[in-house]
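Working notes, structure below.
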Amino acid sequence: FSTMDTKHLSDIATPAWIIQENILKANCKRMIQVVKDRGLRIRPHIKTHKTLEGALYQLHGNLDHEDNVANGIVVSTLKEADFFADIGNMQNILYGVPISKSKFEHATQLTKRISKFSVLVDSAQVFSELEDHAKREGIQWSVFLKVDSGYHRAGVDPTKPDAIELALSMSRSVYVNLEGIYSHSGHAYSTSSSSQIIDIAQSEMRIMREFAERLKREGVMVSVDVGSTPTCSLYRDWDQGTVIHPGNYIYYDLFQAELGSCSLNDVAGSVLTTVIASYSDRNQLLVDAGALALSKVNLEGHH
């Protein structure tokens, strides 16, 4: 983040991304309070803002490191992990995309640099390749098994025997520490009502609970990571001890407001632009912010 010593918006060069810090802080503190009230943990996703200050607000509700309800952060690229390890000295980072062999070397560097760098796995082939790489490098991977709870983008099918077999293989490996199971309810973004979002959250929690219980009967204890901004904003009945990993809630946006995740008053970010021309004959204005500064998303066509 950067602050500007200015009294008027007209002093700011446009287009500019404007953050209302009081709203941002309120969004983060509200999510932290949900976590405290329900006996949960939070592992916020930082890809929305990619800033140290934003991560600290998500983790602690402030920049002073007072509260301790966090369980690390989630990143979407290894470059993001580098940044938070180097600049933020973050020691618990989860790479939130199923890892591929081409990323092993970079991930190995991170594993050696910080206390806990974790990766997602959702195939036996990648798990085998991870083991081989760990043997050569003399490391132990921290791994979460990615589970498909209905989004159908990535993850093992929790109803298939292969999913249990993969988890058990991970738990027995000397080269892998199976930290937990991880799902992302991204399909909540395709809903048209708050009740549908809550239904998805309930389904995700049930699927992940049942899968964790099946592993427990096999003698394997795992943490359970779930959620997305829509589900974590509306659903309150996560099982105690669950880790949630929303991200966009730090700012929210018009899309989230239309989904019902928040109100317009919760949107912390906006784009400041300047009217550079007007055309009264066709009732139009021209501004200095185009699709790159704004968005190509058609909210009206979302449903």
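The values are calculated or read from the model by the stated rules, or taken from the named source; none is laboratory data. Fair warning: this is a prediction, and the values are worked out from it, not measured in the lab. Quick reminder, even Gly has a Cβ in these numbers, built from the backbone with ideal geometry, and neighbours come from all protein chains shown. For accessibility, only protein heavy atoms count, side chains too; no ligands or nucleic acids. Shrake-Rupley method; radii C 1.70, N 1.55, O 1.52, S 1.80 Å.
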Could you tell me the calculated FRET efficiency between Ala257 and Glu53, based on Cβ-Cβ distance and R0 = 30 angstrom, to the nearest 0.05?
0.80
Could you bin all the Cα-Cα distances of the chain into 20 Å bins starting at 0 and give me the percent of pairs in each, rounded to whole numbers?
31, 54, 14, 1
Formal net charge of residues neighbouring His187 (Cβ-Cβ distance under 14 Å; K, R +1; D, E -1)
-2
Computing the accessible area with a 1.4 Å probe over protein heavy atoms, can you report the carbon and sulfur percentage for the range 216-303?
50
At a Förster radius of 22 Å, what calculated FRET efficiency corresponds to the Cβ-Cβ distance of Ser295 and Thr274, to the nearest 0.05?
0.75
Please calculate how many Å² of accessible area the chain carries per residue, with a 1.4 Å probe and no DNA, RNA or ligand atoms counted.
50
Residue separation times 0.36 nm, minus the C-alpha to C-alpha distance between Arg209 and Arg136: what's the value?
22.7 nm
In a Gaussian network model over the chain where Cα atoms closer than 10 Å are linked, find which of Phe127, Phe117, Phe104 has the largest mean-square fluctuation.
Phe104
Give me the compactness ratio for the range 66-188, meaning the Cα radius of gyration over 2.2 N^0.38 Å.
1.05
Taking the Cα centre of the range 182-303 as the origin and placing charges on Cβ (Lys, Arg +1; Asp, Glu -1), which of Ser223, Leu264, Tyr235 is farthest toward the positive end of the dipole?
Ser223
In the chain, what % of DSSP beta bridges are antiparallel (nearest 5)?
20
In Å, the Kirkwood hydrodynamic radius from C-alpha pairs for the range 232-303 sits at 15.3
Of the residues Ser173, Ser142, Ser118, which exhibits the maximal mean-square fluctuation in a Gaussian network model of the chain defined by a 10 Å Cα contact cut-off?
Ser173
Taking 41 Å as R0, compute the FRET efficiency from the Cβ-Cβ separation of Lys103 and Asn265 and round it to 0.05.
0.55
With a 10 Å cut-off between alpha carbons and a GNM built on the chain, which of Val156, Val121, Val271 moves the most?
Val271
